[in-house]
4 protein chains.
Amino acid sequence: MLLLLRAEASPASLLERCKQLHIEAHLHRIGNRWAIQIPTNGHQTEALFRYEEVERILSDEIPYPLVQRWEGSVQIGEWRRGSSLLWIAGPCSVESRAQLVEVAYALKEMGVHVLRGGAYKARTSPYSFQGLGEEAIEWLLEVKALTALPLCVEILSERHLPLYDEIDLLQIGARNMDNYQLLQAVALQRKPILLKRNPQATVQEWLLAAEYLLLYGAPWVLLCERGIRSFERSLRYTLDVGAIPVAQRESRLPIIADPSHAAGDWRYVEPLALAAIAAGAEGLIVEVHPNPSQARSDAAQQLTIEQFKQLVQKATALCAALSRS
Amino acid sequence: MLLLLRAEASPASLLERCKQLHIEAHLHRIGNRWAIQIPTNGHQTEALFRYEEVERILSDEIPYPLVQRWEGSVQIGEWRRGSSLLWIAGPCSVESRAQLVEVAYALKEMGVHVLRGGAYKARTSPYSFQGLGEEAIEWLLEVKALTALPLCVEILSERHLPLYDEIDLLQIGARNMDNYQLLQAVALQRKPILLKRNPQATVQEWLLAAEYLLLYGAPWVLLCERGIRSFERSLRYTLDVGAIPVAQRESRLPIIADPSHAAGDWRYVEPLALAAIAAGAEGLIVEVHPNPSQARSDAAQQLTIEQFKQLVQKATALCAALSRS
Amino acid sequence: MLLLLRAEASPASLLERCKQLHIEAHLHRIGNRWAIQIPTNGHQTEALFRYEEVERILSDEIPYPLVQRWEGSVQIGEWRRGSSLLWIAGPCSVESRAQLVEVAYALKEMGVHVLRGGAYKARTSPYSFQGLGEEAIEWLLEVKALTALPLCVEILSERHLPLYDEIDLLQIGARNMDNYQLLQAVALQRKPILLKRNPQATVQEWLLAAEYLLLYGAPWVLLCERGIRSFERSLRYTLDVGAIPVAQRESRLPIIADPSHAAGDWRYVEPLALAAIAAGAEGLIVEVHPNPSQARSDAAQQLTIEQFKQLVQKATALCAALSRS
Amino acid sequence: MLLLLRAEASPASLLERCKQLHIEAHLHRIGNRWAIQIPTNGHQTEALFRYEEVERILSDEIPYPLVQRWEGSVQIGEWRRGSSLLWIAGPCSVESRAQLVEVAYALKEMGVHVLRGGAYKARTSPYSFQGLGEEAIEWLLEVKALTALPLCVEILSERHLPLYDEIDLLQIGARNMDNYQLLQAVALQRKPILLKRNPQATVQEWLLAAEYLLLYGAPWVLLCERGIRSFERSLRYTLDVGAIPVAQRESRLPIIADPSHAAGDWRYVEPLALAAIAAGAEGLIVEVHPNPSQARSDAAQQLTIEQFKQLVQKATALCAALSRS
């Protein structure tokens, strides 16, 4: 098993004690802490658990012990877990101050809890629009001040962290789910993190990425299923609705779905969104644009404000019918 | 385009007329009819359409013209399309007369419309239970007589067709979706067919299999999504909920889902079932067994009668909430 | 374990003996024989093995015992296993007597061991060319008489079996790998069978299909890897070269590859063919047409006779370099 | 089309000229340069191409113009493209100075061209060995000094770049192929880069990642196929040998394969390696460890020095047989 020490605590006394007890101990460095690996079946190991340097003891048998045993409360802005579906919405990319203000006020009025908007975009082609970067962050913060909506923004590089100080929910995008250096740097901010599933990741790999985040300091992780890559390409990705109850059986972490990226086509956003909720998702993150045909990225899949309004109504009715709040 | 002639009609006059008009014509045999392929852009081709031998004209551009243009009413037993969800339920395999009678009466009482039960089973291993065959069919017919429930039974070989005379809904299983010889033979019975999607088939390939069925005589085809094979194996298959609205955009054929085979585990049948309905499925086919732990096949995924009852209630509430009948 | 009885042998004495020994026995019917399932760990079970009714004892732990323990010699026409690569070649579809004669003589001269040619074709669309059927078989037999080349022809339905009496190597196509009714019917002919892997089948499922064939009477099975379905679609399928050594570790059955269907494009047939041989394939089945651009099916992927000649030369050199015959 | 300006060149004159010509121009920032997007079909656009600020003109129709048109020479250490197979070998992780020195001398003697070794490791679990980091880099540089072997080391974060100054071939691992921020930062070093294909990337997405690298300054990119994720899990990944000739048709960039990570099991490294070469790979990157059973990562898949020696011999013979150098 692994004795995970408190941040900055010294392993010296524990190692000394292991030596006295003839327990084979291996020292590891995990982020800003020490960890001591010892054999699982030693009888005398109990003596070690009382040392105040020890923060947690991790079993060898559970691959993601922090994820599995996580318990805590989840709250962001005016949303408290269990009170209703969590709605995160906004444009794929922040394109102008006017666009953002318009959509934010409309979403706020509809009861959306968190505003999303892309500043730095991860694009498959270097010739595609890469986001407005710092300027976009400034507008987002301004709109947050105007509307009191918390912000969810994807972060692509730890170099950008200083710009994200006022972002409420840091998003790790699907492409970066297994960028463990970024996971560590972001988790050290000790803020909640939205973790999208990489389209090729098994549920276990996804939960291991969440384990990195919890281990390095994130108070909670919002898991987000957004479609996996399969042979079927009539939609952009295959929304894996089964992963939602599977992940829920493995962990108490909250889980939502992103029907926009799974569909890649606005006509299929609603059925995928409703399917995800029926399968147990606690919320949705949806791309909404005041005028999708003019969008500089993901034009095909963004909903109009009116379309989104209908989705909210249907999803709310569906939850009520299933006696979920 | 393709001039599809009526069954048994002679192509001679049409071929003669093509010759006079200098239209290049190719003769094909499709089942028990002739078909004449002619170039799409001929002006004089209209003259040909009036021949009474011509039953239908199929465009070259639509890969599955009969599927795409299909319109008709769908009714089986006491279920009429649009009146409610279609429920097909029953044990994976018929195992005894007593088992079947018990489950059939219970399902009937719950409002199930069609009884399913396996007689000949397609098993990956030759050493697995292969079904009771003819004896199972006899019990099914007896139970149909007792309960007035229509029957849905999978057929594995055209050799078995004589035994399936009284079966109301012939099922083509996932493994046989691209067994075109079987599709043709079964479609010639001119009965409705439940067509499961092969776990590796694209939506287009699935609809092409349905095209075989309509072309060879099936009045309607009940499409059934039952999970595709992807890299993710935490459940047995990946239920492709997106395929439901995609297939609905391509065709007016009815579509249901099979959450039991997708999940492979009874604990996940309900979330997958609800997800499929939220995505637009018009019904479900579910494996239900009076005592699943004793089942001779698919023990892990069959629901008890009580579990199924809860599923029916939730699914019905969900449909009501979405204002679907 | 499973006591597999000789064809037509009665299980009565064995069941009686089990009863005396208080061994719990379950009787199964597998094709035209009886099989008796007994617990693995019984000490007294040895007494049963000596009964002459028992043909084989199958362990519970190995899913495909006949495949795993298969040993035997493999020979077809002038080819004997180990003497050289096995070459099976010919057109996708038999289109005319002239086409077949031309290609057969050319292939014979190049050292091809078996002539392939499609008579009944499994086509995704009912509007595609479905093969010339009986007429094609007649021409194939005529060409066999002229050239002494053994024939490999795919069979789609047990209904066609009477036409395949003189076919030397019966082919189960990829779409029918899990059509277990067809596997049984074909295996009962007691001829060698070429078994293509279904593009969605795991190696284990493929070997279980071979187990059906050996169990029902095939003397040997020629396994054929022809590409699996993955998300990558720049070629038609993904040739799974790793499956070749994996299957070879599980069984001594011969294994070849089909680069034509994996590639779907003649320009990629050669690299895939060479890769398969380098990975350990013992032979190849290749589509060759005297004039591919005129082919009625698979026009894009068939090699010309000249292109095929170069492939044979390179593959032969490659084998020599690896000191394989 | 896109007018890509020289690094640091001002777009002002060009924009002015566009205005005069009534050409609609959009300004983009790509790394440290400006780019001007103009309509493709303008007649007067030729006037713009002569401006010395313009470095390149990129067509809209080719998604990766730099990759497609790349031509140049490739050389690293003593290896020159076309002279022989390129061999990159070494341990998964650098574990000790002694381990590294032993393996490096042995590989050098066998003709290996580049030494690989992991310093910072991307591990699915935070509890797995994460590499020795800076210490590993120091030993690698020491061994480079001793043996004159160039080094290939994976880089996980731009934060580590200062440590990689003397690394000859910077490796972008599979997990970071679509970490575009890292691609840009690494490419700005203007060194050759080994780019592994992400197991879920299409060939087109892989080449677009290479486009990022060329656009941001890499002189050449060594493409590396290392297996894709499919449903088949009997090996760790599915080596996509077809991707090798497909990528070669799209680009003149060199391409090698990594059989170690594809196999995940030393017993299958050789057949996959030979298959990749037969399909056209120009070299291999192989994990070799003096004592694999003691390895701290990837113990199952590393070859012993002796096993690697045999692989080199077979691969060399295979190339000779195919008249490739």
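The values are calculated or read from the model by the stated rules, or taken from the named source; none is laboratory data. As the structure is a prediction and not an experimental result, all values here were calculated from the model. Here Cβ is always computed from backbone atoms with ideal geometry, including for glycine, and neighbour counts include all displayed protein chains. Remember, those area values only see protein heavy atoms, side chains included, never the ligands or the DNA or RNA. Shrake-Rupley method; radii C 1.70, N 1.55, O 1.52, S 1.80 Å.
Might you let me know whether segment C:251-258 holds any residue that is of a type in the set (Gly, Ala, Ser), in the same structural domain as C:Ala174 (by TED's automatic domain parsing), surrounded by fewer than 24 Cβ atoms within 10 Å (Cβ to Cβ) and closer than 22 Å to B:Tyr127 by Cα?
Scanning segment C:251-258 turns up at least one residue that is of a type in the set (Gly, Ala, Ser), in the same structural domain as C:Ala174 (by TED's automatic domain parsing), surrounded by fewer than 24 Cβ atoms within 10 Å (Cβ to Cβ) and closer than 22 Å to B:Tyr127 by Cα.
Can you tell me which condition C:Tyr216 does not meet? The list is (1) surrounded by 23 or more Cβ atoms within 10 Å (Cβ to Cβ); (2) touching a Gly at 6+ places or on another chain (Cβ under 8 Å), and all the others hold.
(1) is the only condition that C:Tyr216 fails.
Touching a strand residue (DSSP E or B) at 6+ places or on another chain (Cβ under 8 Å), hydrophobic (A, V, I, L, M, F, W, C) and within 18 Å of C:Leu222 (Cα to Cα): is that true of C:Ile137 in this structure?
So C:Ile137 fails the test.
Which members of segment B:93-140 meet the condition of being of a type outside the set (A, V, I, L, M), touching a Phe, Trp or Tyr at 6+ places or on another chain (Cβ under 6 Å) and within 27 Å of C:Leu58 (Cα to Cα)?
The answer is B:Pro126, B:Gly131, B:Gly133.
Would a scan of segment A:189-198 turn up a residue that is free of Cβ contacts under 8 Å to residues at least 24 places away in the same chain and surrounded by fewer than 23 Cβ atoms within 10 Å (Cβ to Cβ)?
No, there is no match, as no residue in segment A:189-198 is free of Cβ contacts under 8 Å to residues at least 24 places away in the same chain and surrounded by fewer than 23 Cβ atoms within 10 Å (Cβ to Cβ).
Of all residues in segment A:17-33, how many are closer than 14 Å to D:Tyr127 by Cα and open to solvent by 80 Å² or more (accessible area, probe 1.4 Å)?
Number satisfying all stated conditions: 2.
Wholly within segment D:27-133, which strands (runs of 3 or more DSSP E) include no fewer than the required count, namely at least 2 residues that are under 17 Å from D:Leu169 (Cβ atoms)?
Counting at least 2 such residues, we get D:86-90, D:114-116.
Within segment D:68-84, restricting attention to residues that are more than 18 Å from the chain's Cα centre (by Cα) and polar (S, T, N, Q), which residue is modelled with the highest pLDDT?
D:Ser84
Restricting attention to segment A:153-184, report how many residues are in contact (Cβ under 8 Å) with a residue 12 or more places away in the chain and either among the charged types (D, E, K, R) or farther than 29 Å from D:His160 by Cβ (or both).
6
Considering only residues that are touching a Lys or Arg at 6+ places or on another chain (Cβ under 8 Å) and at pLDDT 80 or above, which ones fall in segment A:32-51?
Residues satisfying the conditions are A:Arg33, A:Ala35, A:Tyr51.
Of everything in segment A:219-254, what is away from every other protein chain (no Cβ under 12 Å) and either small (Gly, Ala, Ser) or within 20 Å of A:Arg190 (Cα to Cα) (or both)? Give them in sequence order.
A:Pro219, A:Trp220, A:Val221, A:Leu222, A:Leu223, A:Cys224, A:Ser251, A:Arg252, A:Leu253, A:Pro254
Output yes when any residue across segment D:293-316 is over 22 Å from D:Cys92 (Cα atoms), touching a helix residue (DSSP H, G or I) at 6+ places or on another chain (Cβ under 8 Å) and either open to solvent by 40 Å² or more (accessible area, probe 1.4 Å) or not assigned by TED's automatic domain parsing to the domain that holds D:Ala257 (or both), and no when none is.
Yes, segment D:293-316 contains a residue that is over 22 Å from D:Cys92 (Cα atoms), touching a helix residue (DSSP H, G or I) at 6+ places or on another chain (Cβ under 8 Å) and either open to solvent by 40 Å² or more (accessible area, probe 1.4 Å) or not assigned by TED's automatic domain parsing to the domain that holds D:Ala257 (or both).
When segment C:128-162 is examined, which residues are found to be open to solvent by less than 40 Å² (accessible area, probe 1.4 Å), of a type in the set (A, V, I, L, M) and farther than 17 Å from C:Leu183 by Cβ?
C:Ala136, C:Ile137, C:Leu140, C:Val143, C:Leu149, C:Leu151
Checking the structure you have, find out if any residue of segment D:163-182 is more than 29 Å from D:Val246 (Cβ to Cβ), more than 14 Å from chain A (Cβ to nearest Cβ) and open to solvent by 30 Å² or more (accessible area, probe 1.4 Å).
Yes, segment D:163-182 has at least one match.
Write out, first by first residue and then by second, each pair whose Cβ atoms fall under 6 Å of each other, whose residues are 6+ apart or on separate chains, and whose first residue, in segment C:207-236, is in contact (Cβ under 8 Å) with a residue 24 or more places away in the chain while the second is basic (Lys, Arg) and part of a strand (DSSP E or B).
Pairs that qualify, where the first residue is in contact (Cβ under 8 Å) with a residue 24 or more places away in the chain and the partner is basic (Lys, Arg) and part of a strand (DSSP E or B), are C:Cys224/C:Lys196; C:Arg226/C:Lys196.
Do the conditions hold for B:Ala201, that is, is it farther than 29 Å from C:Ile228 by Cα and either within 12 Å of chain C (Cβ to nearest Cβ) or of a type in the set (A, V, I, L, M) (or both)?
no
Take the residues in segment C:49-78 that are touching a residue at least 60 places away in the same chain (Cβ under 8 Å) and over 14 Å from C:Arg252 (Cβ atoms); name whichever of them is nearest to the other protein chains (Cβ to nearest Cβ).
C:Pro63
Residue by residue through segment B:261-300, note down the ones that are touching a Cys at 6+ places or on another chain (Cβ under 8 Å) and within 14 Å of chain A (Cβ to nearest Cβ).
Matches in segment B:261-300: B:Ile277 only.
Are any of the residues in segment A:135-150 among the aromatic types (Phe, Trp, Tyr) and either within 17 Å of the chain's Cα centre (by Cα) or at pLDDT 95 or above (or both)?
yes
Please state which one of A:Leu208, A:Leu163, A:Leu156, A:Leu194 is part of a strand (DSSP E or B) and either aliphatic (A, V, I, L, M) or in contact with a His (Cβ under 8 Å, 6 or more places away or on another chain) (or both).
When all the criteria are applied, what remains is A:Leu194.
For segment A:259-285, what are the residues that are over 13 Å from A:Leu85 (Cβ atoms), in contact with a Pro (Cβ under 8 Å, 6 or more places away or on another chain) and open to solvent by 10 Å² or more (accessible area, probe 1.4 Å)?
Selection gives A:Trp266, A:Arg267, A:Tyr268, A:Glu270, A:Pro271.
Kindly provide the set of residues from segment A:299-317 that are more than 15 Å from A:Ala106 (Cβ to Cβ) and in contact (Cβ under 8 Å) with a residue 24 or more places away in the chain, ordered by number.
Within segment A:299-317, A:Ala300, A:Gln301, A:Lys314, A:Ala315, A:Thr316 qualify.
Assigned by TED's automatic domain parsing to the domain that holds A:Thr304, of a type outside the set (D, E, K, R) and more than 13 Å from A:Ile305 (Cα to Cα): does that describe A:Val114?
Judged against the criteria, A:Val114 is a match.
When you go through D:Ile285, D:Ile305 one by one, which is the residue that is modelled with pLDDT of 95 or more and more than 18 Å from D:Ala119 (Cα to Cα)?
D:Ile305
Test B:Glu205 against the criterion of being open to solvent by less than 10 Å² (accessible area, probe 1.4 Å), at pLDDT 95 or above and among the acidic types (Asp, Glu), and give yes or no.
Spelling it out, it is not the case that B:Glu205 is open to solvent by less than 10 Å² (accessible area, probe 1.4 Å), at pLDDT 95 or above and among the acidic types (Asp, Glu).
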